[in-house]
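What follows is calculated from the coordinates using simple rules that are stated; it is not laboratory data. Note that the structure is predicted; figures quoted are calculated from it, not measured. Methodologically, a virtual Cβ is constructed for each residue, glycine included, from the backbone with ideal geometry; neighbour enumeration extends over all protein chains shown.
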Amino acid sequence: MLASLDICHVVAEYVVPGELPDQISYEGLGWPCLCLNSAAIHLLEANPDKICWPWLCQNPAAIHLLEANINTNKINWCALSLNSAAIHLLEANPNMIYWMQLSANSAAIHLLKANPDKIHWNWLSGNPAAIHLLEANPDKINWKYLSENPAAVHLLEANPDKINWVWLSGNPTKWAMHLLEANPDKIDWNHLSENPAAIHLLEANPYMIDLFRLLRNPAIFKINQKKITALAQHLHSK
């Protein structure tokens, strides 16, 4: 393990041409994942031809790009139903809503309350704005999804036997981080690679990182801007 290696160095080291396994294309590694990253909008705006629209439709920070293309075939309404910044677009196009995905949307509670028969409780269990609905319907909780819910700490603390460690690895709360640090053998590194609160663990374990998921992690842009800029220039040259 190279504990002193920072995240951006790991990214730069692994995504240069020739270092990827033959079965993984560089394009597949970079741009779709970056389209989900709320901190990568400047890269996407500078490279519009590289945008993967079904992925971008989930990104709340990309709402200005989505609004500008709302009447085109670039909009994926299933993905857009997950976007917390797109509620006004969904309300204006109710027939285009995908209710399963909307159930995970933290800004859609008023729509879900108005349409309780359309709620998908598995997806709702991961919705941080839905805790009051979940507390009122404990028999409908999906504990796997709840384990990643940052607003569900009190429920998870009260039911430690129901914690799903794979999904807890994506929970950004301090409580979850302490629990993961105390139980490193239970960490799922795929989920942890997306967790913006887990940068210190990822820095200490660079070879455990899932690079696909790391590129979705907005916290990687806070580590070393020079290396991220170099990565952006390399992406732009492809």
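Okay, here's what the table says:
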quantity: Under Karplus coefficients 6.51, -1.76 and 1.60, residue-wise ³J(HN,Hα) of the stretch 110-122 in Hz, glycine/proline x; calculated: 5, 6, 5, 5, 6, 9, x, 6, 9, 5, 9, 5, 4
quantity: Computed lengthening from GLU135 to ASP161, 0.36 nm per intervening residue step minus Cα-Cα distance; calculated: 7.6 nm
quantity: Shape call, the stretch 86-191: gyration tensor on alpha carbons, a/c limit 1.5; calculated: prolate
quantity: Spin-label model distance (nm) - GLU91 vs CYS78, 7 Å beyond Cα toward Cβ; calculated: 2.6
quantity: 23 Å Cα-Cα threshold exceeded, pairs from LYS113/LYS140; LYS144/LYS174; LYS140/LYS174; calculated: LYS140/LYS174
quantity: Pairwise Cα inverse-distance average, inverted: Kirkwood Rh of the stretch 66-108 (Å); calculated: 10.2
